[in-house]
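K.L.:
Here you go, one structure.
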Amino acid sequence: MPVPEGQLLGGRYLVERIFAEGGMGIVCIGRHIQLEQPVAIKFLRRALSGKPSVVERFMNEGRALAALRSEHVVRVMDVGQLESGRPYLVMEHLEGIDLDALVDRDGALSVETAISYALQVCEPLAEAHALGIVHRDIKPENLFLWSGGPGKDIVKVLDFGLAKQFGSPRAMAVTGPQDSMGSPCYMSPEQIVTPQSIDSRTDIWSLGVVLHRLLTDTLPFDGRNVLEVLSHVLNAQPMSLLEARPDLDPELDAIVRRCLEKAPDARYATMTDLSDALTGYLADRRDAALPASSPPAPKPTRAEPASGVFAGDNEKIRIPGVHARWPGVVFVTLALAAAGVCQADRTGRIRIRNLTDGRFTPALLNPDTPLPPSADAHVPAVFVVRGVFAREPTREADGTLALRAEPEVDSDPSADTDADTESTAATPISDAERARRVTAYREYLRSQGLTPLGEVLPTLNAPATAD
């Protein structure tokens, strides 16, 4: 244990037990006592804590992780030092398995799974490279498969302890010509020969080796010892994917081979370029698999017309759904027209009662039935007696039966009118003439089955009797 079990760090983190060990540090499981959440606490090894360059590399990890926002890197929560000056990092606690242990346990992964994991690694590395940070130690042991929930496995990049900020004044201070840090089987040629001048393309090489390992459970450069491995990296051609696993595609082998080009300029220029190549390969692979799993439906011919299209009608262009819309269009048009006519009648611009003679005449029509003639709204419909005219009974809007009023004129409709005038002049009438007209009008109402209002009102106003 870097510190006694149960020791409290920074007043917040309780150290519990060792979780893992690496070349530079020891990782312990701890707990945030206020939040009651597990954390991972990484300590620099005691033997290395006195070397300033190593301490600087260790602190690089905290700086690099704090600068990245991708969900595919472990999150740094805090940083501190023991009283002895030994530094430590507090990180989120992950439960899962690294990809090296996964391949050792399950063997080579499927193409889709291996590429999915590689694409998840491309994302944080592309972000790091944009910030001028190169990881320098991409290998399956530093790629952790964490279960982010049901059906969601997330690969997280660990151990940025060897991360280098290339192109900065601190680069030479952290990495000297003698420091070819990394794992031999995953190191690029320039990382072996000139580690002080590497850039982001060394991570592309390492990820190519990782992808080869995930797909085949073998390494493109191997040997009986470290020197032999380094010699193969510098001088030998990588083992082909097809040699280790013949069922793989030459296109995928070409992508991995380009990652493992000796000259950095011959590799993919950026992680984004590699990600695009892998994504395009997966899309082509899925498209190629579609005909076997779900063949397209045969196109209809003239002999066998498609459903809903009559034989001999194949030349017509049919737009689904369009033919079903015209009833709605007609309905809306008629509704708008009716609303406009009603508005015109209300404002007096058009009198509907004049157009319809005060009534609507229903009729059962067929090809042999002529339309009934419409009466002139300005000519009285019924002659009762001289000086008395009446309209036919009509229905008002509320359904009540009524008679339309007519102007009262003192003239004989049978007499000739003055040719120079459009209407007969109105003159006052005597009481006797008015009484005669009233009597004649009452008789007309009774002939139509109507009761004169003057006879109805007295009965309505009469007091109620006992029976």
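K.L.:
Throw me the Rg/Rh for region 82-141, computed over C-alpha atoms with Kirkwood Rh, two decimals.
P.N.:
When Rh is taken as the Kirkwood radius, the ratio is 1.09.
K.L.:
For F144, F331, F58, which order do you get if you count the other beta carbons within 10 Å of each Cβ and list the fewest first?
P.N.:
Least crowded to most crowded, the residues run F331, F144, F58.
K.L.:
Still on this structure, I have one more. Using only C-alpha positions, report the orientation-averaged shadow area of the convex hull of region 210-288, nm², one decimal.
P.N.:
For region 210-288, averaging the hull's shadow over all directions gives 5.7 nm².
K.L.:
May I ask for the Rg/Rh ratio of region 8-92, computed from Cα atoms with Rh as the Kirkwood radius, given to two decimals?
P.N.:
0.95
K.L.:
Compute for region 96-290: radius of gyration divided by Kirkwood radius, i.e. Rg/Rh, restricted to C-alpha atoms, rounded to two decimals.
P.N.:
For region 96-290, the value is 0.95.
K.L.:
Equivalent ellipsoid semi-axes for region 195-247, as square roots of 5 times the alpha carbon gyration tensor eigenvalues: give them largest first, rounded to whole Å.
P.N.:
21, 15, 9
K.L.:
Please list, in chain and number order, the residues 5+ apart from V73 or on another chain whose amide H is under 5 Å from its amide H, with Hs placed from the backbone.
P.N.:
Distant-sequence amide H within range of V73: V157.
Bear in mind that the values in this text are calculations on the coordinates, not laboratory data. If you're wondering where the values come from, they're calculated on a predicted model, not measured in any experiment. Every residue, glycine among them, receives a Cβ derived from its backbone with ideal geometry; neighbour counts consider all protein chains shown.
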